[in-house]
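Everything below concerns the one structure shown next.
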Amino acid sequence: MAVKQTDSLAGQVDMTRLPRHIAIIMDGNGRWATRRGLPRTAGHKAGAETFRRIATYCKNIGVQYLTVYAFSTENWKRSADEVGAIMALLKKYMEEAVETMERDNIRLHFFGDMTPIAPELRALARETDEITEHLSADAFQANVCLNYGGRDEILRAVRQFAADCAAGKRKPEELDEALFSGYLDSRNIPDPDLIIRPSGELRLSNFLLWQCAYSEFYFTDALWPDFDEAELNRAIVAFQARDRRFGGVKK
Ligand code: IPE
Ligand code: IPE
Ligand code: MG
């Protein structure tokens, strides 16, 4: 596939060895806005644009899955104004997605507990899920983590497995890693190869705790609204220089 070279770094990316699944903690929106004397919500708006841009770039170069952390189970601690602004941006994105995902061949899926989410957003998520079902399984897929927490995801999976055992559908001794993975929001999706966190913070903040077991991590000081194709290329180049051993010994 012909790839538009967005800068010289694109030339250093080995397009034949791309990470199949990239996950990003979209952090630094608030600081980006504060540094410009703007309200934090302006940072979230700019961050939403960055997401559109990076998702398009991932799709164009041939990354198959992009999972982004949009709102955590802990983010409800923020002001009602800020939470409302983030939810409004998500709604706008979902409405756009319903209109364009079929045309652009983009699968869209949500991770997280949707129960406390506003009914209109839940309905939109159901719509995007239905459209996704009709799209080819090998089309580019974006996963948006909304009211997502890694611990919460594991607890929801455990509760469901326990309920299936109580109903006689499963036996505790059957449980292995593959079966358990099938109870998670990420079922049927390979674990992320590369997890990127912008904004200079060196922590996971409850992101993909089960799935990150053998992910490569990449941290950058760039704030999410400033993150661009060149930053992503840099992260991929770093990823491609890593030696992934998965506990084995190099032959
Ligand atoms: C990430 O940016 C977006 C969300 C957590 C919803 P932040 O809002 O956390 O930005 P900083 O970390 O305060 O700069
Ligand atoms: C993580 O960022 C969650 C999202 C990016 C959605 P936070 O800004 O909430 O994380 P902490 O508070 O710095 O750990
Ligand atoms: Mg933050």
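The values are calculated or read from the model by the stated rules, or taken from the named source; none is laboratory data. Predicted model only: the values in this text are computed from it and were never measured. Counting neighbours? That spans all protein chains shown, and the Cβs are built from the backbone with ideal geometry, glycine included. The accessibility values were calculated without ligands, DNA or RNA, using every heavy atom of the protein model including side chains. Shrake-Rupley method; radii C 1.70, N 1.55, O 1.52, S 1.80 Å.
Counting only residues that are in contact (Cβ under 8 Å) with a residue 40 or more places away in the chain, part of a loop (DSSP other than H, G, I, E, B) and open to solvent by 10 Å² or more (accessible area, probe 1.4 Å), which one in the stretch 188-198 is farthest from ligand 3 (Cβ to nearest atom)? So the residue we want is Pro190.
For the stretch 37-52, residues that are of a type in the set (D, E, K, R) and either modelled with pLDDT under 95 or under 14 Å from the mean Cα position of the chain (by Cα) (or both) total 1. Does Gly37 satisfy the condition of being away from ligand 2 (no atom under 16 Å from the Cβ), at positive phi, in contact (Cβ under 8 Å) with a residue 40 or more places away in the chain and not polar (S, T, N, Q)? It is false that Gly37 is away from ligand 2 (no atom under 16 Å from the Cβ), at positive phi, in contact (Cβ under 8 Å) with a residue 40 or more places away in the chain and not polar (S, T, N, Q).
Contact map, the stretch 109-137: residues that are basic (Lys, Arg) paired with residues that are surrounded by 14 or more Cβ atoms within 10 Å (Cβ to Cβ) and not in a strand (DSSP E or B), Cβ distance under 8 Å, separation 6+ or inter-chain. Pairs shown: Arg122/Met114.
Checked against the criteria, Leu184 does not count as in contact with a strand residue (DSSP E or B) (Cβ under 9 Å, 6 or more places away or on another chain), open to solvent by 40 Å² or more (accessible area, probe 1.4 Å) and without any contact (Cβ under 8 Å) to a residue 40 or more places away in the chain. Here the helices (runs of 4 or more DSSP H) wholly within the stretch 80-187 that include at least 3 residues being of a type in the set (A, V, I, L, M) are 80-104, 119-134, 150-166.
Can Ala23 be described as assigned to a helix (DSSP H, G or I) and either of a type outside the set (Asp, Glu) or closer than 18 Å to Asp104 by Cα (or both)? No; evaluated as a whole, the condition is false for this residue. Residue count for the stretch 26-51 satisfying the condition of being part of a loop (DSSP other than H, G, I, E, B), near ligand 1 (Cβ under 8 Å from one of its atoms) and open to solvent by 20 Å² or more (accessible area, probe 1.4 Å): 2. The residues of the stretch 52-65 that are in contact with a Lys or Arg (Cβ under 8 Å, 6 or more places away or on another chain) and open to solvent by less than 40 Å² (accessible area, probe 1.4 Å), listed by number, are Val63, Gln64, Tyr65.
Restricting the stretch 203-215 to residues that are surrounded by 19 or more Cβ atoms within 10 Å (Cβ to Cβ) and under 12 Å from Asp191 (Cα atoms), the residue that is nearest to ligand 3 (Cβ to nearest atom) is Leu208.
Ile86 fulfils the conditions (1) among the β-branched types (Val, Ile, Thr); (2) within 16 Å of ligand 2 (Cβ to nearest atom); (3) surrounded by fewer than 18 Cβ atoms within 10 Å (Cβ to Cβ) except for a single criterion, (3).
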